[in-house]
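This report concerns only the one structure given below.
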Amino acid sequence: MSSHAPTGSGHRRSDVPAENLSVTCAISADELADAVRRIAGRVSADYAGKPLLVVGVLNGAWVFMADLVRELTTPACCDFVQVSSYGSRMVSSGKPQLRLDVSAPVAGAHLLLVDDIIDTGISLAWLRTHLLCKQPASLRLCVLLDKPARRRVRIQPDYVGFEIPDRFVVGYGIDYAHRYRELPYIGYVDERGSGHEPV
């Protein structure tokens, strides 16, 4: 869940205007495509012959999820959820709130929860518990980016594209102040002229 505060889920907050930031490519478009194909191959093999429901976490996961679903070789239904742990605060409250729930039937389905990034893990752990209450046949977690240095709860994704250091990232659906989602790559964000990540 990557929409940055106040609508995000664990990324560090900065009040630096988006126009004062520079973005350095960290993961290229080709590397992203390779990772999507790799994950899709594993998911297709694991869920062959099973009723798969792919649930994406808005707003950051929709680009990754769209590419992932198109690479699957097993049929899948799709739906979305959205949670927020910020409200009007500039830092996470640690108390996620559901903003959009799944509408597709979950009971008895094999559910794949897809997110763009996991860092503290608080929102994703909460969301997993919420969805398990709907009695799916199984539930696995798939994330494009894993930032383990920020983990605050015990949760481990089943499918991971890349492990990254504790730096602020944008691109490929991940935004800063509603910008940079359109970048075809994942980039590290720095303040122009400082060489340091906003804190």
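The values are calculated or read from the model by the stated rules, or taken from the named source; none is laboratory data. The model shown is predicted, which means the values in this text are computed figures rather than measured ones. Reconstructed Cβ throughout: ideal geometry from the backbone, glycine too, with neighbour counts over all protein chains shown.
For residue 143, are the conditions met, namely being farther than 22 Å from residue 42 by Cβ, in contact (Cβ under 8 Å) with a residue 12 or more places away in the chain and among the β-branched types (Val, Ile, Thr)? No, not satisfied. For beta carbons closer than 6 Å, sequence separation of 6+ or different chains, a first residue in region 154-178 that is at negative phi and aliphatic (A, V, I, L, M) and a second that is surrounded by 17 or more Cβ atoms within 10 Å (Cβ to Cβ) and assigned to a loop (DSSP other than H, G, I, E, B), the qualifying pairs are 155/121; 164/147; 170/180; 174/2; 174/60. A count restricted to region 45-71 and to residues that are in a helix (DSSP H, G or I) and in contact with a strand residue (DSSP E or B) (Cβ under 9 Å, 6 or more places away or on another chain) stands at 8.
Within region 178-199, being at pLDDT 85 or above and aliphatic (A, V, I, L, M) holds for 183, 186, 189. Annotation for region 92-100: no member residue is without any contact (Cβ under 8 Å) to a residue 40 or more places away in the chain and under 23 Å from residue 44 (Cβ atoms).
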